[in-house]
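Asks: Can you keep this structure in mind? I'll have questions shortly.
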Amino acid sequence: MSDDRGTGDDAGPGTDAGPCTDDGPRTLAVAVVPAPAPIGALTVGVTAAGLALVAFGDVPEVAARAAARLGAVVVAGSPLLEQATTELAEYLDGRRRVFTVPLDRSLTSGSQRRVLDALFATVPFGATVTYGELAARAGLAGGDPARGHTAARGVGAIMGSNPIPVVVPCHRVLGSDGLGGFGGGRATKEWLLALEGVLTPALDFG
């Protein structure tokens, strides 16, 4: 699986919003949310439409690439950014199960968007799904077992290009015989699943 820290760089151009608004150039408000180990930090990017980016680590270069794809200017703050960072901090602290911040899906397109929408809509906190099951929910498998195998592999690649991990919960997607891959790393996937009660915490990351 791709280890792109949730940049969505394989998705193609965004299609939800244009590069400008009536009030001037489009903006991407960026902040860093401290997170427990093994995550360390989340870089968060929000447009006027909603949350567009979550990336693992303090990675301003990832935010800059996302802004370039969006045709946006990076800025320091906005009310939606405050909502997004607050909700993520609450989730990481075990005090939130559902995100209500609006999403801007401009960094996704095509089948990637269909799969990520199905994931967001059908796999809540504490639940999991396999790559094959998610492919079927998104309508990629078409009832053909051979096609279903190929679709499941495609879903794995889509999870690696998810631009809004944690909120659009690709950590809840598992292999048929194990955890499967994860752009944020195996330890992060295990930590998130333990936070949600799916796995028993096995290690103290300090």
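Asks: Can you give the extra length, in nm with one decimal, that the chain gains between residue 130 and residue 176 once fully stretched, where that is 0.36 nm per residue apart less the Cα-Cα distance?
Replies: 16.0 nm
Asks: Continuing with the same structure: Give me the one-decimal nm value for the distance between modelled label points at residue 74 and residue 194, 7 Å along each residue's Cα-to-Cβ direction.
Replies: Label at residue 74, label at residue 194, 3.2 nm between them.
Asks: Work out how much length residue 121 to residue 150 would gain on full extension: take 0.36 nm times their residue separation and subtract the Cα-Cα distance, in nm to one decimal.
Replies: Gain in length upon complete extension: 8.2 nm.
Asks: To continue, here is another question. Calculate the dipole size of the stretch 110-195 relative to its Cα centre from +1 charges on Lys and Arg beta carbons and -1 charges on Asp and Glu beta carbons; express the result in debye to the nearest 20. Could you put the intermediate results ahead of the total?
Replies: Details: 8 positive and 5 negative charges, 29 e Å.
Magnitude of the dipole: close to 140 debye.
Asks: Relative contact order of the stretch 110-195, please, whole-number percent, based on alpha carbon pairs below 8 angstrom and at least 6 residues apart.
Replies: Over the stretch 110-195, the number comes to 30 percent.
All of the numbers you see were taken from the coordinates with simple rules; none came from a lab. In this text the structure is predicted, and so the values were computed from the model without any measurement. Neighbour counts run over all protein chains shown; Cβ positions are idealised from the backbone, glycine included.
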